[in-house]
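Comments concern the structure below.
The values are calculated or read from the model by the stated rules, or taken from the named source; none is laboratory data. This one's a predicted model, so the numbers in the text were calculated from it and none came from an experiment. For neighbour counting, all protein chains shown are included, and Cβ atoms are generated from backbone atoms with ideal geometry for every residue, glycine included. The protein model used for the area step is the full one, side chains on, heavy atoms only, and it has no ligands, DNA or RNA in it. Shrake-Rupley method; radii C 1.70, N 1.55, O 1.52, S 1.80 Å.
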Amino acid sequence: MTLEILTPERKLFSGEVYGVQMPGISGSFEVLDKHAPLVSALKAGRVKVLRDRQNHSDSYDIQGGFVEVLNNKVTVLVEGATAVE
(Lines give C-alpha, C1' and ligand atoms only; values in the text may rest on other atoms or scores of the structure.)
Protein backbone atom coordinates (compact mmCIF):
# COMPACT_ATOMS: atom_id res chain seq x y z
CA MET A 1 0.00 0.00 0.00
CA THR A 2 1.05 3.61 -0.45
CA LEU A 3 1.70 5.91 2.52
CA GLU A 4 2.10 9.68 2.62
CA ILE A 5 2.86 11.66 5.78
CA LEU A 6 2.27 15.38 5.25
CA THR A 7 2.75 18.51 7.39
CA PRO A 8 1.75 22.05 6.40
CA GLU A 9 5.42 22.71 5.58
CA ARG A 10 6.51 19.56 3.72
CA LYS A 11 6.09 15.90 2.79
CA LEU A 12 7.82 13.76 5.44
CA PHE A 13 7.33 10.36 3.83
CA SER A 14 5.99 8.96 0.59
CA GLY A 15 6.30 5.39 -0.59
CA GLU A 16 5.17 1.77 -0.54
CA VAL A 17 4.88 0.20 2.93
CA TYR A 18 3.69 -3.02 4.59
CA GLY A 19 1.74 -1.21 7.32
CA VAL A 20 1.58 1.76 9.66
CA GLN A 21 0.87 2.06 13.41
CA MET A 22 -0.74 5.29 14.63
CA PRO A 23 -1.88 6.92 17.89
CA GLY A 24 -5.66 7.30 17.51
CA ILE A 25 -7.55 9.47 20.00
CA SER A 26 -9.20 6.33 21.44
CA GLY A 27 -6.03 4.22 21.34
CA SER A 28 -3.31 3.03 19.00
CA PHE A 29 -4.23 1.13 15.85
CA GLU A 30 -2.56 -0.41 12.81
CA VAL A 31 -3.43 -0.27 9.12
CA LEU A 32 -2.25 -3.04 6.80
CA ASP A 33 -2.58 -3.75 3.07
CA LYS A 34 -6.14 -3.58 1.65
CA HIS A 35 -7.62 -2.04 4.83
CA ALA A 36 -11.23 -0.89 4.72
CA PRO A 37 -11.83 2.84 4.12
CA LEU A 38 -11.26 4.86 7.30
CA VAL A 39 -10.97 8.43 8.57
CA SER A 40 -9.67 8.99 12.10
CA ALA A 41 -8.30 11.75 14.32
CA LEU A 42 -4.80 11.24 15.69
CA LYS A 43 -3.43 12.45 19.02
CA ALA A 44 0.16 13.41 19.75
CA GLY A 45 2.39 10.34 19.78
CA ARG A 46 4.48 8.11 17.55
CA VAL A 47 3.69 6.89 14.04
CA LYS A 48 5.59 3.70 13.15
CA VAL A 49 6.03 2.98 9.43
CA LEU A 50 6.46 -0.75 8.75
CA ARG A 51 8.48 -0.88 5.54
CA ASP A 52 8.30 -4.68 5.11
CA ARG A 53 7.61 -7.99 6.86
CA GLN A 54 11.21 -8.16 8.16
CA ASN A 55 10.55 -5.48 10.81
CA HIS A 56 12.37 -2.67 8.98
CA SER A 57 10.66 0.48 10.21
CA ASP A 58 10.83 4.26 10.57
CA SER A 59 9.21 6.31 13.33
CA TYR A 60 7.91 9.86 13.52
CA ASP A 61 6.74 11.79 16.59
CA ILE A 62 3.61 13.74 15.66
CA GLN A 63 1.67 16.57 17.29
CA GLY A 64 -1.74 15.28 16.22
CA GLY A 65 -3.78 15.32 13.05
CA PHE A 66 -5.87 13.03 10.87
CA VAL A 67 -5.52 9.90 8.75
CA GLU A 68 -7.50 8.78 5.71
CA VAL A 69 -7.39 5.25 4.29
CA LEU A 70 -8.91 4.87 0.83
CA ASN A 71 -8.17 2.57 -2.14
CA ASN A 72 -5.06 1.09 -0.50
CA LYS A 73 -3.57 4.57 0.07
CA VAL A 74 -2.96 5.96 3.57
CA THR A 75 -2.67 9.74 3.92
CA VAL A 76 -1.56 11.10 7.30
CA LEU A 77 -2.04 14.85 7.77
CA VAL A 78 -0.30 16.17 10.90
CA GLU A 79 0.27 19.59 12.45
CA GLY A 80 3.95 18.87 13.00
CA ALA A 81 6.28 15.88 13.06
CA THR A 82 9.90 14.94 13.53
CA ALA A 83 11.73 11.80 12.45
CA VAL A 84 12.94 9.56 15.28
CA GLU A 85 16.47 8.19 14.85
Return the pair list, or none, for Cβ contacts closer than 6 Å from residues in the stretch 67-85 that are farther than 12 Å from F13 by Cβ and open to solvent by 80 Å² or more (accessible area, probe 1.4 Å) to residues that are part of a strand (DSSP E or B) and modelled with pLDDT under 95, at least 6 apart or on different chains. none
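Against the definition (small (G, A, S) and at pLDDT below 95), how does S26 come out, yes or no?
Working: small (G, A, S): yes; at pLDDT below 95: yes.
Answer is yes for this residue.
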